[in-house]
Amino acid sequence: MDGAYSDEVRRLFADPAHAGDLPPGGSRTASVEVSESAAGCRVRLSASGNAGRLSAVRFRAFGCPHLLAAAEAFCAEVEGQPVTALLARRVPALMERLAVPVEKTGRLLLLEDAAKALARELLEDSSDGTNDTQT
Amino acid sequence: MDGAYSDEVRRLFADPAHAGDLPPGGSRTASVEVSESAAGCRVRLSASGNAGRLSAVRFRAFGCPHLLAAAEAFCAEVEGQPVTALLARRVPALMERLAVPVEKTGRLLLLEDAAKALARELLEDSSDGTNDTQT
Amino acid sequence: MNASPDMVYLDHAATTPPDPAVVDAMHRSLSGESGFGNPASTHVAGRRARAAVEQARARLAALLHTDPGNLVWTSGATEADNLAILGAARLRAHRGRHLITMRTEHKAVADACAALERQGFEVTWLAPERHGRLDLTALEQAFRDDTQLVSIMHVNNETGVIQDLRAIGERCRDRNVLFHCDAAQSVGKLPVDLSALPVDLLSMTAHKFHGPQGIGALYLAPRPECRIEPLLYGGGQERRLRPGTLPVHQAVGMGVAAELAAARLEEDLRHYARLNERLWRGLESIEGVVRNGGREHAFPGILNVSIAGIEGESLLLALEPVCVARGSACNAQSGEPSHVLRALGRSDHLAQSAIRFSFGRETTEAEVDFACRRYAQAVAHLRTIMPATAVQAA
Amino acid sequence: MNASPDMVYLDHAATTPPDPAVVDAMHRSLSGESGFGNPASTHVAGRRARAAVEQARARLAALLHTDPGNLVWTSGATEADNLAILGAARLRAHRGRHLITMRTEHKAVADACAALERQGFEVTWLAPERHGRLDLTALEQAFRDDTQLVSIMHVNNETGVIQDLRAIGERCRDRNVLFHCDAAQSVGKLPVDLSALPVDLLSMTAHKFHGPQGIGALYLAPRPECRIEPLLYGGGQERRLRPGTLPVHQAVGMGVAAELAAARLEEDLRHYARLNERLWRGLESIEGVVRNGGREHAFPGILNVSIAGIEGESLLLALEPVCVARGSACNAQSGEPSHVLRALGRSDHLAQSAIRFSFGRETTEAEVDFACRRYAQAVAHLRTIMPATAVQAA
Ligand SMILES: Cc1ncc(COP(=O)(O)O)c(C=O)c1O
Ligand SMILES: Cc1ncc(COP(=O)(O)O)c(C=O)c1O
C-alpha cells in the first residue's frame, strides 16, 4: 500500500455524488449489502429500475478511499444503463483507472458481488411482477 | 592510544636538543643501546662523565613521539647530575608529565634499562681505570 | 495560522522536524567549519572530528544523567533495540534462553524477540492491563530460572502510556535479570535519570526529540553483568560494540537536540499537556469517539482516539492536510490493525479507526483547533458514505 | 595556498568532505524546505519524505547502472558488509558453511568472516599476489562443494589495488556461489556498472565519495539466489532487509553525491592520476622510500609508501599539518601494523612506516607539493633522532 492516491481517487472520495440511499417511492427500488470479514469492508448498493434501465444508483461503503472512490465511479458508470450493465466485469478496469493496489482486489470485488446481487433483485422483481420495466 | 599529544610532547619531539651522539674525545664517554622486539623500539643513550657528573647526555631513539619526547626530557633531566642520577626511577613521573598512554609503559621503560646500563658502564670505567673522574 | 493551512503536522511520534539550532549545528559540521574528518583518524582532522563527537556524547549523557562512556552511538532506536536484545540474549544464551516482553512493544523490540523465538529462545509476551500498563504481578510470575532479559518500553509510541521503569527494574535486579528499555518515545521528552534508574540497557533515537533521523544510541549500565554481543563486526569503534565510521554531523545534531531538550523539557511537557487537553476537549463530544490508553501515566505528547463506524484509512485521507498516524508509522504501509490497541482490548473495528495525534515543540493551539474541526468534518463526511450497519456489525 | 597552511588533508580514503552541493541539499532537506517527515508515514509529509528518499535511490542507481529496487539503504559500508556476509552465510547455512575471502580485506569484511568462523563456518583466507591482486587460480582451487559466498573488495583501502570483479564473479556464477564485493573505495570514484558485472552483493558508503557519513547501501542482484537474512528486525522498511526510520537528509545527501560522481568521474580520475604521479615523483628520490602495491590495476586516488628506518607514528606527527593515514583509519587507534601490507609481503619494519596519501576532488597540486616537502623534512628530522641501527636491524 503506497499511501498515495491518484487525483481522481481524491476527487471521487471528496465528492461522492452517488453516496447515499434512494428514497422509497416512485419507481422500483432494490438494495443489497455485501461484506467481507477480513478487512471488515462493506458495500451497499441501491438502484431504481425504470423501463429496464437504472434510473438512479446509490452506494454506501465502509472501507478505504480506493473502495469508496471505486464505488462512486461504479455508480456513475452504470447509472442510466440497462439493468444488465450491472453484470459486466468492471472492477479490473476500475482498478487500473484508479491505480488501486493489487492487494485490495478482494475488497474491490465486493462491488461486483453487490452489483450482481442487485441485478438479480431487479431482474427477478421485473420477471415475476409488474411488467412496466419490460416495455 | 588517543593520538593526541600534549603540547610538551610536541615541543620536545619537534626540537630535541639532546638528540644525537657524543663526539669521542676529551672526557670519558660511554654509549649503550637497548631494544624491545614487540614494537621494534630502540633507545641509544650516550654520556660523557666528568668528575662523577654527567657533563653531556645524548640519545637516539626509534619509536613513537612519546618515546622520543620522553628520551629528550630524560636527557635534559640528568645532564649535569651525578652519574648515579641515571639509577633513579624516572619513567613513572615522565609518563605522567607527558601524559603517555599506559599501554606504552613497556617501551618507555627502555629508557630506564638504557640508563642503568649506561651508569654501569660509566661507574665501572671509573673504578677500574683512570681516576680523574673521581677527584 | 490562516484558515486552510498547507499542512498541519501532528505526527511527532513518527518523527519530529529537527530544531533550527540542530539544523544549524549540523550544517556547520557538514561545512567543515570546525574541521571535518574521520573520528578514528589520529591526525588533526580526525582529532577535531572526535572532539565534536565526544562533545555530543557528553551532551546526551548530561540529558540522561549518566557518564558519556556508557553510551554507544547507533543508527537509531531500531538498531539500539536489536543490539540490546539480540546482543544480550546471544551473549547469555549459555545461561538460559528465556525473555520477557510485552505485547504492546514497538516492532523493533517485538520482531527482535520473535526472531529469537525462531532461533530457539522462549519469549513470554505479557498482556497489558486495561489502560496499557504492565501488571507487575504478572511480571513477577513470568520470571523463570532461565530468564535472562526483560524488555519493556518506557513510553508507548501509539498511546503514550508510561511504564514504571523503577518497579520493573528493581524486580529484574532482584533476580539478576537484565532490563532493557526502549525509550525512543521518552528520551528528550520526559525526565530519564539513568543515575537513579535500575535499567541496564536503554535505546533512544534523535529524530523523536527534534534531532536528526538516522542516529541514536544505546545506553549500557556500567555493571559487569551488562555485557552484550555486537551485531556488526569491523573497526574497533564504540568499544567494539558498534563498528563503522562515526557520522560526525549526525552525532553533533543529536548532541544539540539533547542539550535543547534538557533545557526545555519541563516547558515542553506543559505545552503538550495543554495541547492534549485542548484537543481532547474538542474531540470527546463527537459521537462514538473513545480515547485509547489511560490519561494517568500517559505522556501528554500523544493522544490516540478511535471512533465507531468509521474506516481508518479513509479517515486519514479525509483529515488531510492534517498529518496524523494510524497505528505507528512503521505499520502505516502494511495497513494491519494496531497490535498495541488489540492488546489493550480494543475490538478490531475500533482499533482500525484509531488515529494518533502527537505534538511537537512548535505545535500551536491554532493547529490543534484546526485538527479538531477537520476531524469533526471528516467524520461527518464519512458518515454520509459509510453504512450505519458498519457500526452495528462491529 | 600559502607557505604554511593550517591543514593539508590527504586522507580522503578515510573520509571525504561532503561536496558543497551535498551540504546544500542536506541543509534544505533538514530545514524542511521540501517538507520533512517519516518516509513510512502515508500522509502528505510522509509521502514527500518518501519521494525524496526514492529520488535519491534513483540517483544512486543511475550511478551504478542498476534498478533502484536493487538497493537497500544502510548506515554505511560496515553495516552493508555485515548484512551481506552474515546475512548470506546464515541464510545459506543449511546448504554449506564455507566462505572464501582475502587477507587484504577491510576489517568490516574480515571481522564479519572471523565472527562466522567462531560460529562454526569455515573461511579460506586467500593471500594476494605480490602486487596485491587476487590469484584467480588460487581462487579456483579454493572452491569447495559447500562454498556459499566469496567476498572480495573492489579497491583496497590501503593500497588502492583494484581487483578484477568480472573474472571473480564469473568463477562464482559458474559454481553457483554468491559473490559479495566491498566497493566502499570504488563507488563514485571508479566506474561500477552493475548491469554488466556478475556481482550479487555490493557494499558502498557515501562518505568516501563526498557524501555524508553514516549512510551507505547494499546492492542485491535481482536473482532468486541472491537472498539474505536481515541483521535487524522491526518495521517493514527496505523490503524487511533493513528496518528503521529512513534518514531522509542522509539519503538526499548520498543521492546528490552519486549524481555529482556520475557527472565527474572521468575528470576526477584524471585529476587523481596527475596528483598521484606528481606526489610519487617527489617522494621516490628520498632514500629508502618504497611504494606499496603495484602501479598497474591501482586506483590513482591512493598512494601508499613505506620508508626504512623511520617509525610510522612519529612520521605521522612530523608530517603535520599534513593529514594522512597509517594503515586505515579504523586501525589508526590500535597502532597495529597493517595486515594488508603484511599480506603483501612487507616486513613488519616497512609495514609500520607506511603512510597512505589519498586525494579528493578539491585536492590541489600545491597541497601535494607541500606534502612532498613536508615528508622530506619529516624524514630528515627523524633521521637525526633515529639510530642507524634501526635500519640495519630491519
Ligand atoms: C518506541 C519506538 N521504538 C523504536 C523506534 C524505532 O526508531 P528508529 O526509527 O530510530 O529506528 C520507534 C520509532 O520509529 C519507536 O517509536
Ligand atoms: C574498503 C572499506 N570497507 C568498508 C569501510 C567501512 O565503511 P563505513 O565507514 O561506511 O562503515 C571502509 C571505510 O571505512 C572501507 O574503506
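The values are calculated or read from the model by the stated rules, or taken from the named source; none is laboratory data. This one's a predicted model, so the numbers in the text were calculated from it and none came from an experiment. Cβ placement follows ideal geometry from the backbone for every residue including glycine, while neighbour counts extend to all protein chains displayed.
Given the structure, is C:Gly120 part of a loop (DSSP other than H, G, I, E, B) and loosely packed, with under 15 Cβ neighbours inside 10 Å?
yes
Checking the conditions here, which among C:Gly244, C:Gly236 is at the interface with chain D (Cβ under 9 Å from one of its Cβ atoms) and closer than 17 Å to D:Ile215 by Cβ?
So the residue among C:Gly244, C:Gly236 that is at the interface with chain D (Cβ under 9 Å from one of its Cβ atoms) and closer than 17 Å to D:Ile215 by Cβ is C:Gly244.
Give D:Glu320, D:Glu287, D:Glu313 a once-over and let me know the one that is more than 16 Å from ligand 1 (Cβ to nearest atom) and more than 14 Å from chain C (Cβ to nearest Cβ).
Details: D:Glu320 fails: more than 14 Å from chain C (Cβ to nearest Cβ); D:Glu313 fails: more than 14 Å from chain C (Cβ to nearest Cβ).
From the options D:Glu320, D:Glu287, D:Glu313, the qualifying one is D:Glu287.
Looking at B:Val32, B:Val78, B:Val57 in this structure, which one is within 14 Å of another protein chain (Cβ to nearest Cβ) and either farther than 22 Å from B:Ala4 by Cβ or among the basic types (Lys, Arg) (or both)?
Every option except B:Val32 fails the conditions.
Does D:Leu303 meet the test of being buried (at least 17 other Cβ atoms within 10 Å of the Cβ), within 22 Å of D:Phe179 (Cα to Cα) and in contact (Cβ under 8 Å) with a residue 12 or more places away in the chain?
No: the conditions fail for D:Leu303.
Could you please tell me which pairs satisfy a Cβ distance under 6 Å, a separation of 6+ or placement on different chains, a first residue in the stretch D:124-138 that is surrounded by 15 or more Cβ atoms within 10 Å (Cβ to Cβ), and a second residue that is of a type in the set (Ser, Thr, Tyr)?
That search, which allows pairs on different chains as well, returns D:Pro128/D:Thr104; D:Gly132/D:Thr159.
Suppose we filter the stretch D:217-238 for residues that are touching a helix residue (DSSP H, G or I) at 6+ places or on another chain (Cβ under 9 Å), within 16 Å of ligand 1 (Cβ to nearest atom) and of a type outside the set (S, T, N, Q); how many remain?
Going through the stretch D:217-238 one residue at a time, the tally reaches 7.
Being within 16 Å of ligand 2 (Cβ to nearest atom), in a loop (DSSP other than H, G, I, E, B), over 16 Å from D:Val123 (Cβ atoms) and not hydroxyl-bearing (Ser, Thr, Tyr) is the filter here, so list the residues in the stretch D:148-178 that pass it.
Of everything in the stretch D:148-178, those that are within 16 Å of ligand 2 (Cβ to nearest atom), in a loop (DSSP other than H, G, I, E, B), over 16 Å from D:Val123 (Cβ atoms) and not hydroxyl-bearing (Ser, Thr, Tyr) turn out to be D:His154, D:Asn156, D:Asn157, D:Glu158, D:Gly160, D:Gln163.
Out of the stretch D:235-286, which residues are of a type in the set (Asp, Glu) and either closer than 28 Å to D:Trp73 by Cβ or at pLDDT below 95 (or both)?
D:Glu238, D:Glu259, D:Glu266, D:Glu267, D:Asp268
So, C:Ala196, is that one surrounded by fewer than 23 Cβ atoms within 10 Å (Cβ to Cβ), away from ligand 2 (no atom under 16 Å from the Cβ), closer than 23 Å to C:Ala354 by Cα and of a type outside the set (D, E, K, R) or not?
The answer is no for C:Ala196.
Filter the stretch B:1-30 for residues that are part of a strand (DSSP E or B) and at pLDDT below 95; which is surrounded by the fewest Cβ atoms within 10 Å (Cβ to Cβ)?
Filtering the stretch B:1-30 for residues that are part of a strand (DSSP E or B) and at pLDDT below 95, the one surrounded by the fewest Cβ atoms within 10 Å (Cβ to Cβ) comes out as B:Arg28.
Looking at the stretch C:130-141, is at least one residue of a type outside the set (Val, Ile, Thr), at pLDDT 95 or above and within 12 Å of ligand 1 (Cβ to nearest atom)? Steps first, answer last, please.
Going through the stretch C:130-141, the residues of a type outside the set (Val, Ile, Thr) turn out to be C:130-136, C:138-141.
Next, from what is left, pick out any that are at pLDDT 95 or above: C:133-136, C:138-141.
Those left that are additionally within 12 Å of ligand 1 (Cβ to nearest atom): none.
No, because not a single residue in the stretch C:130-141 is of a type outside the set (Val, Ile, Thr), at pLDDT 95 or above and within 12 Å of ligand 1 (Cβ to nearest atom).
Could you tell me whether the stretch C:26-35 includes any residue that is among the acidic types (Asp, Glu), out of contact with any Pro (no Cβ under 6 Å at 6 or more places or on another chain) and within 27 Å of C:Asn157 (Cα to Cα)?
Taking the stretch C:26-35 and keeping what is among the acidic types (Asp, Glu), we get C:33.
Next, from what is left, pick out any that are out of contact with any Pro (no Cβ under 6 Å at 6 or more places or on another chain): C:33.
Add one more test, that the residue is within 27 Å of C:Asn157 (Cα to Cα), and what stays is none.
No, the stretch C:26-35 contains no residue that is among the acidic types (Asp, Glu), out of contact with any Pro (no Cβ under 6 Å at 6 or more places or on another chain) and within 27 Å of C:Asn157 (Cα to Cα).
Which of the residues that make up the stretch C:211-255 are in contact (Cβ under 8 Å) with a residue 24 or more places away in the chain, more than 17 Å from C:Ala184 (Cα to Cα) and in a helix (DSSP H, G or I)?
Correct list: C:Glu238, C:Arg239, C:Val248, C:His249, C:Val252.
Mind listing just one residue for me: the one in the stretch D:110-129 that is within 16 Å of ligand 2 (Cβ to nearest atom) and more than 8 Å from every other protein chain (Cβ to nearest Cβ) and, of those, modelled with the lowest pLDDT?
Ranking the candidates gives D:Pro128 first.
Considering only the stretch C:265-286, state which residues are outside any helix (DSSP H, G or I) and in contact with a helix residue (DSSP H, G or I) (Cβ under 8 Å, 6 or more places away or on another chain).
C:Ile286
Which one is nearest to the chain's Cα centre (by Cα) among residues in the stretch D:67-104 that are within 16 Å of ligand 1 (Cβ to nearest atom) and of a type in the set (A, V, I, L, M)?
Looking at the filtered set, the residue picked out is D:Leu83.
Give the residues of the stretch C:179-208 that are in contact with a His (Cβ under 9 Å, 6 or more places away or on another chain) and within 13 Å of another protein chain (Cβ to nearest Cβ), sorted by residue number.
The answer is C:Asp182, C:Ala184, C:Gln185, C:Ser203, C:Lys208.
Of a type in the set (D, E, K, R), crowded, with 24+ Cβ neighbours inside 10 Å and within 13 Å of ligand 1 (Cβ to nearest atom): does that describe C:Asp182?
Against the criterion (of a type in the set (D, E, K, R), crowded, with 24+ Cβ neighbours inside 10 Å and within 13 Å of ligand 1 (Cβ to nearest atom)), C:Asp182 qualifies.
Return the pairs, sorted by first residue and then second, in which the second residue is within 16 Å of ligand 1 (Cβ to nearest atom), the first residue lies in the stretch C:105-121 and is of a type in the set (Asp, Glu), the beta carbons are less than 6 Å apart, and the residues are 6+ apart or on different chains.
Close Cβ pairs satisfying both conditions: C:Glu105/C:Met153; C:Asp111/D:Tyr233; C:Asp111/D:Gly234.
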